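Structure, as structure tokens:
The values are calculated or read from the model by the stated rules, or taken from the named source; none is laboratory data. Not measured: the values here are computed from a predicted model. Glycine also receives a Cβ, built like all others from the backbone with ideal geometry; neighbour counts cover every protein chain displayed.
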Amino acid sequence: MRVLLGVTGGIAAYKVALVLRRLVEDGHSVRVAPTAASLNFVGRATWEALSGHPAPTETFEDVPSVAHVRLGQSADAVLVAPATADFLSQMASGAARDLLGNALLATEAPIVVAPAMHTEMWNDPATRANVATLRARGVHVIEPAVGRLTGPDSGPGRLPEPDALVAALYGVVRGEGLSLSDASLPWGDLAGRTVVVTAGGTREPIDAVRYLGNRSSGLQGFAIAEAARERGAEVTVVAANVTLPLGEGISRVDVSTAEELSQAVESLAPAADAVVMAAAVADFRPAAVAESKLKKDGSGGMTLELVETPDILAGLVASRPAGQVVVGFAAETGDDAGSVLQHGAAKARRKGADLLVVNEVGGGRGFGTVDNTVTILDSAGARVGEASGSKLAVAGAVLDRIVERLRTE
Ligand code: CTP
């Protein structure tokens, strides 16, 4: 296949010479487009010698062949490695400042991006938002590996090893997404972890056709599942009445009622490293379900008797295996008795989950909206994080907190 290899200005560029070599050895035709900044780390001669082709940087090099369009159009797959924070920003904004930026806009081939930078830069909200934007557009963003960085510091931000980058590219080309079947690959801070996510809203039948439900769309739970998968986890979603599709490589169990959701979670949770209860579970269900459709009886009203459903989150907290991280969600509204956060903190202490993601709902916020704003509390009700933006950005913040807790097991 024809591969466009973009190299941007990070010290990890040296590792990409080995990626190029491996791709060429595997019989692929590789064109390298290094950015000007990247030439500070690895010179053009290396790319040209290893690829056997010119390695232009600027849009105005080789103008007669319209290289800025041809490079992108003729590629079957694109890999950008390392991708700097600045380059992610350029890509997310759609800017075309140099040859690589132009080529990325001109291509219809799948794009795999391997960011590498210092942990603080990777965690910066601007970078998180850019990554979320790119993922939402279908760009495959590989999580940086965790480990030693350029200086004495360490954390997430390392460029994965060359073989892992090549495997990621091949997985995407085969249509498998960022295949993580080989858990030994050093990418993803959730690699080798099992995550169970509940999503959507339960429906409690009243009669043959009616139910008690809620407006949860499942978008936030699905975003958490997709992001956990991209970070290397084995993910199972328990989806309550969600019609949305899920990304490849994610297991799915469809349920409808709180009772069904409870049973699914009970069977999956013991083997999980983290359980995220993003589903809006009914607190009450009708005491009896009429087999046929209830009719008006002429009395001008009717009373429905409700009974409480089991609190699944409480059950999880009570029976969790050592080291498991349990995450609850709380959709709250402020009222005379307290603010959204006060209610959230009280719930965090009451529920005892390791993390409680508090979300203000009502007035059009929260349910179904594409963007979301949340505060993340620990089991004592203390604020340990917050996020706003797309549901994928929120998912990233929640997963960051989960990863921190899994690391300190
Ligand atoms: N939850 C659950 N089982 C239930 C109800 C809720 O596991 N029967 C979970 C939800 O998935 C969510 C968390 O508990 O992660 C908080 O849900 P919420 O309905 O806000 O909590 P309640 O305990 O019902 O609190 P409230 O007193 O506000 O009704």
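A few comments on the model shown:
- Selected residue (only one of A269, A274, A278, A331 is at pLDDT below 95 and within 24 Å of the chain's Cα centre (by Cα)): A331
- L313 vs. criteria within 13 Å of the ligand (Cβ to nearest atom) and part of a helix (DSSP H, G or I): yes
- Inclusion of D354 among residues that are at pLDDT 95 or above, over 21 Å from E204 (Cα atoms), among the charged types (D, E, K, R) and within 15 Å of the ligand (Cβ to nearest atom) is warranted.
- S292 satisfies every condition listed in (1) free of Cβ contacts under 8 Å to residues at least 60 places away in the same chain; (2) not in a helix (DSSP H, G or I) except (1).
- Every residue from the range 270-287 that is small (G, A, S) and surrounded by 11 or more Cβ atoms within 10 Å (Cβ to Cβ): A271, A272, A274, A278, A279, A280, A282
- Test: residue in the range 288-308 that is buried (at least 17 other Cβ atoms within 10 Å of the Cβ), in the same structural domain as R349 (by TED's automatic domain parsing) and within 16 Å of the ligand (Cβ to nearest atom): no
- Among the strands (runs of 3 or more DSSP E) confined to the range 103-178, the ones with at least 3 residues that are under 22 Å from V16 (Cβ atoms) and hydrophobic (A, V, I, L, M, F, W, C) are located at 111-115.
- Check on A191, touching a residue at least 12 places away in the same chain (Cβ under 8 Å), more than 18 Å from the chain's Cα centre (by Cα) and in a loop (DSSP other than H, G, I, E, B): no
- Among the residues of the range 321-351, those identified as more than 10 Å from the ligand (Cβ to nearest atom), surrounded by fewer than 19 Cβ atoms within 10 Å (Cβ to Cβ) and not polar (S, T, N, Q) are P321, A322, G323, G334, D335, D336, A337, G338, L341, R349.
- Take the conditions (1) touching a helix residue (DSSP H, G or I) at 6+ places or on another chain (Cβ under 8 Å); (2) over 17 Å from V325 (Cα atoms); (3) without any contact (Cβ under 8 Å) to a residue 60 or more places away in the chain; N241 misses just one of them, which is (1).
- Residue within the range 38-46 that is in the same structural domain as A126 (by TED's automatic domain parsing), crowded, with 24+ Cβ neighbours inside 10 Å and either part of a strand (DSSP E or B) or out of contact with any helix residue (DSSP H, G or I) (no Cβ under 6 Å at 6 or more places or on another chain) (or both) present: no
- Close pairs from the range 37-52: first under 16 Å from E25 (Cα atoms), partner part of a loop (DSSP other than H, G, I, E, B), Cβ under 8 Å, at least 6 apart: W47/A55; E48/P54; E48/A55
- Flag for T373 being away from the ligand (no atom under 11 Å from the Cβ), at pLDDT below 95 and part of a loop (DSSP other than H, G, I, E, B): no
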